[in-house]
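The structure under discussion appears below in the form of structure tokens.
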Amino acid sequence: MRIPASKNFLAAIVVTCAIVLASAAQAQFGMMGMPLPTTVIVEKPGPGEIYGNKQVVTMGVGAKIYKFILKDAYVDDPNNRIRWPDVWQLVRQYRPNFKVTGVDANVFDKIEPGQTMTIHGMFAALGQNFEVTSSELGGGVFAPPSHY
């Protein structure tokens, strides 16, 4: 029994499309394989404040989940191929958004209401892992000066 040429042609098109789409998806998310140096600036609302319509980020440390106002965030990618919106697109659907690890993972427990903290870390897309490398009180280098 012979298969008509039109069916062979259709099968070839389907296989080609599958290969092209798979390689396009790999190219889009392939850059996220390595951990990315990432900085987040978070604020814990003060007494009487509410989150309102501000962007909220959740950080999971062990069994605890911390909720903060996200003031700023950026990826330290010198090639500027991956930016914060790319990272946020990956993690925004999860609760917590980030699973925090590292020696300074308990830094989120130390933030007092009304305080802003800059946290530097390495983000790994696989598992939404954020490993804290260092932290500093305040908005970091982008904070407005307190004295003129």
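Kindly indicate whether I41 is in contact with a Phe, Trp or Tyr (Cβ under 8 Å, 6 or more places away or on another chain) and at pLDDT 95 or above.
When the stated conditions are applied, I41 passes them.
Across region 92-130, what is the number of residues that are assigned to a loop (DSSP other than H, G, I, E, B) and closer than 13 Å to I65 by Cα?
4
How about region 73-89: which of its residues are without any contact (Cβ under 8 Å) to a residue 12 or more places away in the chain and more than 11 Å from the chain's Cα centre (by Cα)?
Correct list: P78, N79, N80.
Is it fair to say G52 is among the small types (G, A, S) and loosely packed, with under 11 Cβ neighbours inside 10 Å? Explain how you work it out, then say what you get.
Details: among the small types (G, A, S): yes; loosely packed, with under 11 Cβ neighbours inside 10 Å: yes.
When the stated conditions are applied, G52 passes them.
Cβ-Cβ below 8 Å, separation at least six or inter-chain, first residue in region 90-106 and open to solvent by 60 Å² or more (accessible area, probe 1.4 Å), second assigned to a strand (DSSP E or B): which pairs?
Listed by first residue and then by second, the contacts come to R95/T58; R95/I65; K99/G60; K99/N129; K99/F130; V103/V132; N106/V61.
Which one is farthest from the chain's Cα centre (by Cα), of the residues in region 95-117 that are under 20 Å from G33 (Cβ atoms) and modelled with pLDDT under 95?
Only one residue tops the list, namely G102.
The values are calculated or read from the model by the stated rules, or taken from the named source; none is laboratory data. Since this is a predicted model, take the numbers as computed values, not measurements. With ideal geometry, Cβ positions are generated from the backbone for all residues, glycine too; neighbour counts draw on all protein chains shown. Side chains included, ligands, DNA and RNA excluded: accessible areas come from the protein's heavy atoms. Shrake-Rupley method; radii C 1.70, N 1.55, O 1.52, S 1.80 Å.
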